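Working notes, structure below.
The values are calculated or read from the model by the stated rules, or taken from the named source; none is laboratory data. This structure is a prediction, so every number in the text was calculated from the model and none was measured. Every residue, glycine among them, receives a Cβ derived from its backbone with ideal geometry; neighbour counts consider all protein chains shown. Only protein heavy atoms, including side chains, enter the accessible area calculation; ligands, DNA and RNA are left aside. Shrake-Rupley method; radii C 1.70, N 1.55, O 1.52, S 1.80 Å.
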Amino acid sequence: MKDLEPIIFDGIDPEKPIVIAGPCSAETEEQVITTATELANNGIKIFRAGIWKPRTKPGGFEGIGTEGLAWLQEVKTKTGMYTSTEVATRQHVKEALEAGIDILWIGARTSANPFAMQEIADTLKEEGKDITVLVKNPVNPDLELWIGAMQRIYNAGIRKIGAIHRGFSTYGKHLYRNLPQWHIPIELRLRFPNLPIFVDPSHIGGKRELIGPICQQAMDMGFNGLIIESHCNPDEAWSDASQQVTPEILNFILNTLVIRDSKQTTENLTLLRQQIDQIDNELLEVLSKRMRISREIGQYKKEHRMPAVQAGRYNDIMRTRVKLGEEMGMSVDFMKTILLAIHDESVRQQIEVLNDRAR
């Protein structure tokens, strides 16, 4: 992807970050036009709205469908804004192009599927239109899969390609809805310096109060633009209500951003420390679960008259876990120290049970 073309639109300063904003989903004609008008009045030039919105589980609102494309055409006519929407199938691409959509983006679930990406690429090649295509990172943190998705679009003859960093899905509760893992888009930028990278703070944070800090982080790290969910009445949104902001709040967030001369190469210290605190809490919870299991093992050993310490089991744990830790980038000495401490505490817990002193 060496001959990518810059993403430039008339009326948008190419020296400033590009901002794409609009609701998660196009719900009604009134909601779309009202939101777009308010955004345009606050200086936003590119409007986004999801037309097809398959959800994780069936039964919820899954997008208005093709009908909503006419509303995006109306947005362009009434406000002069450029329009963008997500596509995931051949039919989506054809209908969006017929409707004159200016920017197509490809979602995280679709970018993780090479078959779907190839179908979209083939359709773009067949249509032969000069259009901007943005590709979100796959749901899983696989840089090669992300690059492969964009290369399929590139091989179809598209040269106005950008990446959207929306974070990576994970299990359990975390500060972020999707973990940012900033080192992955940073590596992408190192490998493809001419590739524009947008940041999606709405999906990374999952909460509207995190949008501002994540936007600033994106600017501090020198990314090229932002794609943000904004709704005229976020609390009544039919999807992703908690991560959308009003156009007025978005305007405030954007006006308070500081564009620095120097760029960071990773997250700011406050956000990194928040992640450390969260991970420490998770570590303590996991260790507590492990010790509860150790006490159950102690009870089993007591009932079957078994000794607390079994050398074979200990040696096997040390050998396999130390090797795994080393493969994950941790030193052998560190792993031995940690595992020995965990083992000693586990034995202590079992001995308490064996001696009828369990609390």
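Yes/no matrix, rows are residues, columns are (1) under 19 Å from Glu236 (Cβ atoms); (2) surrounded by fewer than 17 Cβ atoms within 10 Å (Cβ to Cβ); (3) without any contact (Cβ under 8 Å) to a residue 12 or more places away in the chain:
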residue	(1), (2), (3)
Asp3	no, yes, no
Gly11	no, yes, no
Pro17	no, no, no
Asn42	no, no, no
Ile46	no, no, no
Trp52	no, no, no
Thr56	no, yes, yes
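Out of the stretch 175-204, which residues are in contact with a Phe, Trp or Tyr (Cβ under 6 Å, 6 or more places away or on another chain) and open to solvent by less than 20 Å² (accessible area, probe 1.4 Å)? Asn178, Ile197, Val199, Ile204 - these are the residues of the stretch 175-204 that are in contact with a Phe, Trp or Tyr (Cβ under 6 Å, 6 or more places away or on another chain) and open to solvent by less than 20 Å² (accessible area, probe 1.4 Å).
Of the helices (runs of 4 or more DSSP H) contained entirely in the stretch 175-246, those carrying at least 3 residues that are over 23 Å from Ile161 (Cα atoms) and not aliphatic (A, V, I, L, M) fall at 211-220. Of the residues making up the stretch 340-356, just one is over 14 Å from Pro307 (Cα atoms), open to solvent by 50 Å² or more (accessible area, probe 1.4 Å) and touching a residue at least 24 places away in the same chain (Cβ under 8 Å), namely Glu345.
If you filter the stretch 58-96 down to residues that are among the hydroxyl-bearing types (Ser, Thr, Tyr) and more than 16 Å from Glu229 (Cβ to Cβ), you find that the one that is surrounded by the most Cβ atoms within 10 Å (Cβ to Cβ) is Tyr82.
Picking from residues in the stretch 220-259 that are without any contact (Cβ under 8 Å) to a residue 12 or more places away in the chain and over 19 Å from Glu29 (Cα atoms), the one that is most open to solvent (accessible area, probe 1.4 Å) is Phe252. Looking at (1) out of contact with any helix residue (DSSP H, G or I) (no Cβ under 9 Å at 6 or more places or on another chain); (2) without any contact (Cβ under 8 Å) to a residue 60 or more places away in the chain; (3) part of a loop (DSSP other than H, G, I, E, B); (4) open to solvent by less than 80 Å² (accessible area, probe 1.4 Å), can you tell me which one Leu272 breaks? Leu272 satisfies every listed condition except (3). Looking only at residues in the stretch 160-174 that are in contact (Cβ under 8 Å) with a residue 12 or more places away in the chain and farther than 14 Å from Ile103 by Cβ, which one is surrounded by the fewest Cβ atoms within 10 Å (Cβ to Cβ)? Among them, the one singled out is Gly172.
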